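All remarks here apply to the structure that follows.
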């Protein structure tokens, strides 16, 4: 007999499946999705155009895509460092 894993919002714990969707591997309910403040396509285009104008003036500057990619990598490295530190503390507490 297999047991179905309960789907719940990563933020608030909502379990009503009809209000939860998978966003890039994270389960998010409608209410929490609104709180994320996701950009509309027009806003993304506006930012990309702004970065492109800056890049046209100075080719050393990143494009919007390059900047987003850089930020994702930096954020992931920061997350991993903080997670390692907390896991270390957790391990040490269990041994003290």
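The values are calculated or read from the model by the stated rules, or taken from the named source; none is laboratory data. Predicted, not measured: the structure shown is a model, and the values here were computed from it. We place every Cβ from the backbone using ideal geometry, glycine too, and count neighbours over all the protein chains shown.
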Practice item. Kindly provide the set of residues from region 24-34 that are in contact (Cβ under 8 Å) with a residue 12 or more places away in the chain and either part of a helix (DSSP H, G or I) or in contact with a helix residue (DSSP H, G or I) (Cβ under 6 Å, 6 or more places away or on another chain) (or both), ordered by number. Key: 29, 31, 32, 33
Review point. Given the conditions (1) out of contact with any strand residue (DSSP E or B) (no Cβ under 8 Å at 6 or more places or on another chain); (2) at pLDDT below 95, which single one is not true for residue 46?
Key: (2)
Practice item. Can you give me the number of residues within region 43-72 that are loosely packed, with under 10 Cβ neighbours inside 10 Å and either within 20 Å of the chain's Cα centre (by Cα) or not in a helix (DSSP H, G or I) (or both)? Key: 3
Study note, to complete from the structure: For residue 52, the lone unmet condition from (1) at pLDDT 95 or above; (2) touching a strand residue (DSSP E or B) at 6+ places or on another chain (Cβ under 9 Å) is (2)
